[in-house]
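**Q** Handing you this structure, nothing more for now.
Every number in this text was worked out from the coordinates using simple rules, so none of it is lab data. As the structure is a computational prediction, the values presented were derived from the model and not from experiment. Reconstructed Cβ throughout: ideal geometry from the backbone, glycine too, with neighbour counts over all protein chains shown.
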Amino acid sequence: MNEDSIRRFESAARCTGVRIRRALLKLPDNIKSKASEIRLRCGRPVMISGLFGDVFISENGKESYILTENVIKASINDIEECFKSLCSYSVHTHQNSICRGYVTVNGGHRAGLAGTAVSFNGEVNAVRDISSINIRISRQFKGIANDIYEYIKGVSPGSTLIAGSPSSGKTTVLRDLARILSSAQGGYMKTVIIDEREEIAACNGGVPQNDIGISSDVISGYSKGEGVMIALRSMSPQKIVLDEIGNDEEAVAIEAGLNSGVDFFLSVHASSEKELLNRKQIVRLLKSGAFSTVIFLKGKDDPSKVDRCVSVGDLYDKYYGFDNTCSFNNGDRFLCSGCGK
């Protein structure tokens, strides 16, 4: 039984209101250790998701795989109490992240919020009537990225994409890669973590709640694009780690870093090669020639485990049919001077 996983579940459970917290803490250890999410929906049953699937809970802490009359339903008061607890009873201090749909709490757990946006001049400046809360339980598995690191170091050095479906363990892998890179194992590389949603390092009061090595620096709360530019201007990084790239601004900032000789380790929502190549920001980065490897994770049923490692060059050969006899300009597999493909 993983005692750290149990402790982290109990830490996340304490963010809920008194009634639900009592039931959650009574759950058996085999559920606690394998849980990944605690979901509260107003007027509907509380659900726990994890490697076991989805379960409901009763007042006495018994789990049930079927819906019965005895399961706990989250009331408006439960939702409000949980929300205030997540914000440490100071909603104002968390307003920026609330407007982006989440709150990160002590221990590195992140609570997603569903409610009604209050907008002014086209910008969200508050959220009211919170109706659902999804607490994602922070996990740290030291050594989970050892094989990935050895592969990158020995076979395919350079920038690397970690691809996978939601809940496949991308953040867990990135967190451990950051720890390895900035520790003795990785040669104490100067590693900057762009932790926009405060999930990787999960700083609280400036102190990382997760072990991220000794030569890492954390830039939290900024957009990824802004964070990358701050890192390049002021932190002289050798490696930059960031989670879930999604827009053009982030791609432009990463390109600037690639042109500065910095290696990037970043994740992307993509469960297949075709899905990956449908992401225009990712294709833009792959065309830079600086990314050498895409690592696909297996999925939520086997989180943080590698399914396969794919060479970027082989990936484009497969889907775009490059002529392997061609000579490529400066090693760029995407701008072939020989065949024009």
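**Q** So what J values fall out for the range 140-147 if you push phi through Karplus, 6.51 cos²θ - 1.76 cosθ + 1.60 with θ = phi - 60°, rounded to Hz, Gly and Pro as x?
**A** Couplings: 10, 10, 5, x, 4, 9, 4, 5 Hz.
**Q** Oh, and also: Once Cα extents along the principal axes in Å is worked out from the coordinates, which option in (1) 59, 49, 34; (2) 78, 45, 36; (3) 69, 43, 38 does it equal?
**A** (3)
**Q** Now for a separate question. Name the most mobile residue of Ile76, Ile135, Ile254, meaning the one with the largest mean-square fluctuation, in a Gaussian network model of the chain with Cα contacts below 10 Å.
**A** Per the Cα network of the chain with a 10 Å cutoff, Ile76 tops the list.
**Q** Between Gly122, Gly112, Gly299, where does the largest GNM mean-square fluctuation fall for the chain, given springs only between Cα atoms within less than 10 Å?
**A** In the Gaussian network model the winner is Gly122.
**Q** Oh, and also: Under 1.5 on a/c is rounded, so check that first for the range 143-302, then, if it is not, pick prolate when a/b is larger than b/c and oblate when it is not; a ≥ b ≥ c are the square roots of the alpha carbon gyration tensor eigenvalues.
**A** Details: a/c = 1.30, a/b = 1.14, b/c = 1.14.
It is rounded, given that a/c, with a ≥ b ≥ c, falls under 1.5.
**Q** Under the rule of at least 5 residues apart or a separate chain, name every residue whose amide H is placed under 5 Å from the amide H of Val127.
**A** The list, which skips near neighbours in sequence, is Val118.
**Q** Could you work out the local net charge near Ala163, counting Lys and Arg as +1, Asp and Glu as -1, over the other residues with Cβ closer than 9 Å to its Cβ?
**A** -1
**Q** So which residue, out of Gly17, Gly205, Gly169, gets the largest mean-square fluctuation from a GNM of the chain using Cα contacts under 10 Å as springs?
**A** Sorting by GNM fluctuation, first place goes to Gly205.
**Q** Spin-label point model (7 Å from Cα, Cβ direction): what's the Phe52 to Ala184 distance in nm?
**A** About 3.9 nm, to one decimal.
**Q** Here's another thing I want to ask about it. Under a 5 Å amide H to amide H cut-off, with H placed in plane at 1.01 Å, what residues pair with His109 once short-range neighbours are removed?
**A** Amide H neighbours of His109, under 5 Å, 5+ apart: Ser138.
**Q** Does the range 3-136 come out rounded, prolate or oblate by the C-alpha gyration tensor, with a ≥ b ≥ c the root eigenvalues, rounded set by a/c under 1.5 and, if not, prolate when a/b is larger than b/c and oblate if not? Please list the in-between numbers first.
**A** Working: a/c = 2.21, a/b = 1.66, b/c = 1.33.
Prolate, since a/c reaches 1.5 and a/b exceeds b/c.
**Q** For the chain, give the share of DSSP beta bridges that are antiparallel, in percent and rounded to the nearest 5; count only bridges with both residues there.
**A** Values: 38 of 62 bridges.
Restricted to the chain, the bridges split so that about 60 percent are antiparallel.
**Q** To continue, here is another question. Please list, in order along the range 17-25, the HN-Hα scalar couplings obtained from phi with the Karplus expression 6.51 cos²θ - 1.76 cosθ + 1.60 (θ = phi - 60°), rounded to whole Hz, x for Gly and Pro.
**A** Result, rounded to whole Hz: x, 4, 4, 6, 4, 4, 5, 4, 5.
**Q** Could I have the simple spin-label model distance between Asn70 and Asp129, label points 7 Å from Cα toward Cβ, reported in nm to one decimal?
**A** With each label point 7 Å from Cα toward Cβ, the separation is 3.6 nm.
**Q** Can I ask one more? Considering only C-alpha atoms, what is the centroid distance from the range 241-291 to the range 1-59, in Å?
**A** Taking the Cα centre of each part, the range 241-291 and the range 1-59 sit 35 Å apart.
**Q** Which of Val124, Ala114, Ile144 sits farthest toward the positive end of the charge dipole of the range 5-159, with +1 on the Cβ of Lys and Arg and -1 on the Cβ of Asp and Glu?
**A** Of the options given, the answer is Ile144.
**Q** Also, I was wondering about something else. What does the charge add up to near Ser234, with Lys and Arg as +1, Asp and Glu as -1, over the other residues with Cβ less than 13 Å from its Cβ? Each step should come with its number before you reach the end.
**A** Working: positive: Lys190, Arg233; negative: Asp217, Glu226.
Taking every other residue near Ser234 into account, the sum is 0.
**Q** Sticking with this structure for a sec: Obtain the nm distance between the two label points defined at His92 and Glu226 by a simple spin-label model: each point lies 7 Å from its Cα along the Cα-to-C-beta direction.
**A** Once both label points are built, they end up 2.1 nm from each other.
**Q** Between Lys300 and Asn77, what is 0.36 nm times their sequence separation minus the Cα-Cα distance? Round to one decimal in nm.
**A** Values: separation 223, 0.36 × 223 = 80.28 nm, distance 3.18 nm.
Roughly 77.1 nm would be gained on extension.
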